[in-house]
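Chemist: If you scroll down you'll find the structure; I have some questions about it.
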Amino acid sequence: MNYVIQAALSNTQHPECGQVTISFPIPVDQYNKTIEMLQAIDLDFSVNRDCKVDELNSRYRVLNSIQGTLVNLDNLDYLAKRLDDFCSGEVSQFEAMAHKLKLSDVKDFIDLTFCCQQATVITDFSDLETVGRNYFMALNRDIPGAEGLEPMDVDGTEIALQLIAEGGGVVTPYGVVYDNGMVLKQVYNKHQFTLYPYDGILMVLEIMPKQGLAEGENPEHLNLPASEHQIEQTLLRIGIAAPCDAQVCVVWNELPEKVADTLDLDHLSGSDLPALNRMSWAVGPLLDSDMEKLNAVALMAGPRNAGEICELAENLDQFEFIPDIHTAEEYGWYMIQLSGRIEIDENLEEFYDYKQYGEQQIQQEGGQFNEYGYVAYLGTIPLEELIKDAHAESNWQGPQMGGQLC
């Protein structure tokens with residue numbers, strides 16, 4: 001099973017349109033296709049609960065209570081993303097507490113993912129030592145300095161036996177659960193999702209209308225890279241027609257250092273959103289070694305904005321980068337001894353002038369040294385033309401919700 005939730009959805013207003021089956025979490029590169037599937041049953045962009053769950057399949061059996069209810073696509077996707085990161089202990093806590101509380105609303109399930117860790121669930125009475133230690137940590141998890149507590153220093157078996165003797169546990173199909181005073185508090189307000197940078201995300205943006213938030217609303221969060229439809233849905237949830245109507249703030253990122261410096265993250269605007277997203281698609285998949293190379297290339301090329309950084313990331317193979325080399329002599333030695341481009345005679349090694357050869361190569365390549373190593377552009381068109389942002393003009397269409405688009 002390569003999904004957390006798989007749901008057969010239908011349109012209650014037009015049941016004759018049939019069903020679509022969608023797996024959650026939805027991969028970013030499949031989101032646009034998923035929206036098209038909903039459009040095929042006459043459902044479009046919406047922040048409302050307009051999808052009926054006809055059938056549901058999940059390794060979280062307790063979610064079967066959602067079957068027959070109305071959900072929103074993004075609600076179900078957000079819940080699946082949070083559950084996808086749960087460890088086995090959290091799975092038991094979530095399912096047992098959901099059963100105890102008799103939950104059936106997606107909103108309540110989302111809220112539970114933020115607090116179920118307070119509960120204690122006994123699934124194996126043969127290992128009371130672990131049960132007691134987990135109970136000890138659950139009770140102390142919110143105490144300042146709790147990260148310094150050592151559960152190995154407590155008698156877990158004694159604590160577990162005392163817990164069982166005091167009663168208060170509720171038997172569920174997922175184990176005996178003790179809520180430990182847990183209260184299901186509202187975290188999700190049915191509109192805006194709480195910050196959650198899941199795997200594969202390069203940046204998280206906080207998005208608000210330029211005129212500020214309405215009463216009862218929270219900022220929206222957008223994870224990049226995102227599909228065009230994801231951006232549209234995010235703007236809809238906050239009541240924005242187009243990126244230029246938004247104020248944007250970066251609240252989390254894993255950008256290479258020099259890329260972040262180029263972007264001036266403290267002074268972004270909503271109009272930067274399309275270029276930031278395109279850049280995230282280009283930079284996000286890079287390996288750590290390529291991230292370092294991009295840092296070096298950015299120092300060399302001097303990009304001015306996200307569009308030019310995107311051009312560099314997409315054309316990274318046109319640059320030579322040798323990390324941790326900072327002199328012509330080191331570069332000459334690398335080229336002769338390690339590059340494999342030159343046949344050498346070990347008997348003549350002492351006669352090689354590494355520095356002179358390095359200087360010659362650097363001049364031919366137009367390379368330079370910076371804090372990351374040696375970098376040279378080997379492309380066939382001028383570097384200034386390579387990094388020219390061909391996508392400076394946004395072709396944003398926006399969701400059809402009225403108002404002027406820009």
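The values are calculated or read from the model by the stated rules, or taken from the named source; none is laboratory data. The shown structure was predicted, so the numbers you read here are calculated from the model rather than taken from an experiment. Cβ atoms come from the backbone with ideal geometry, glycine included; neighbour counts cover every protein chain shown. Side chains included, ligands, DNA and RNA excluded: accessible areas come from the protein's heavy atoms. Shrake-Rupley method; radii C 1.70, N 1.55, O 1.52, S 1.80 Å.
Chemist: Just checking, how many residues over the stretch 67-97 are farther than 13 Å from Arg49 by Cβ, in contact with an Asp or Glu (Cβ under 8 Å, 6 or more places away or on another chain) and open to solvent by less than 40 Å² (accessible area, probe 1.4 Å)?
Modeler: Counting residues in the stretch 67-97 that are farther than 13 Å from Arg49 by Cβ, in contact with an Asp or Glu (Cβ under 8 Å, 6 or more places away or on another chain) and open to solvent by less than 40 Å² (accessible area, probe 1.4 Å) gives 1.
Chemist: If a residue has to be part of a strand (DSSP E or B) and open to solvent by less than 30 Å² (accessible area, probe 1.4 Å) to count, how many in the stretch 5-37 make the cut?
Modeler: 8
Chemist: So how many residues does the stretch 296-310 have that are in contact with a strand residue (DSSP E or B) (Cβ under 8 Å, 6 or more places away or on another chain) and either under 14 Å from Asp264 (Cβ atoms) or open to solvent by less than 10 Å² (accessible area, probe 1.4 Å) (or both)?
Modeler: Residues flagged as in contact with a strand residue (DSSP E or B) (Cβ under 8 Å, 6 or more places away or on another chain) and either under 14 Å from Asp264 (Cβ atoms) or open to solvent by less than 10 Å² (accessible area, probe 1.4 Å) (or both) within the stretch 296-310 amount to 2.
Chemist: Against the conditions (1) in contact with a helix residue (DSSP H, G or I) (Cβ under 7 Å, 6 or more places away or on another chain); (2) closer than 19 Å to Ile309 by Cα; (3) modelled with pLDDT under 90; (4) not polar (S, T, N, Q), where does Glu393 fall short? Just the number, please.
Modeler: (1)
Chemist: Could you count how many residues in the stretch 257-292 are open to solvent by 30 Å² or more (accessible area, probe 1.4 Å), closer than 25 Å to Glu320 by Cβ and touching a strand residue (DSSP E or B) at 6+ places or on another chain (Cβ under 7 Å)?
Modeler: Count: 1.
Chemist: Then there is this: Quick one: would you say Tyr377 is at pLDDT 95 or above and hydroxyl-bearing (Ser, Thr, Tyr)?
Modeler: On the way: at pLDDT 95 or above: yes; hydroxyl-bearing (Ser, Thr, Tyr): yes.
Yes; evaluated as a whole, the condition is true for this residue.
Chemist: For the stretch 99-137, how many residues meet the condition of being within 20 Å of Leu195 (Cα to Cα), β-branched (Val, Ile, Thr) and surrounded by fewer than 22 Cβ atoms within 10 Å (Cβ to Cβ)?
Modeler: 1
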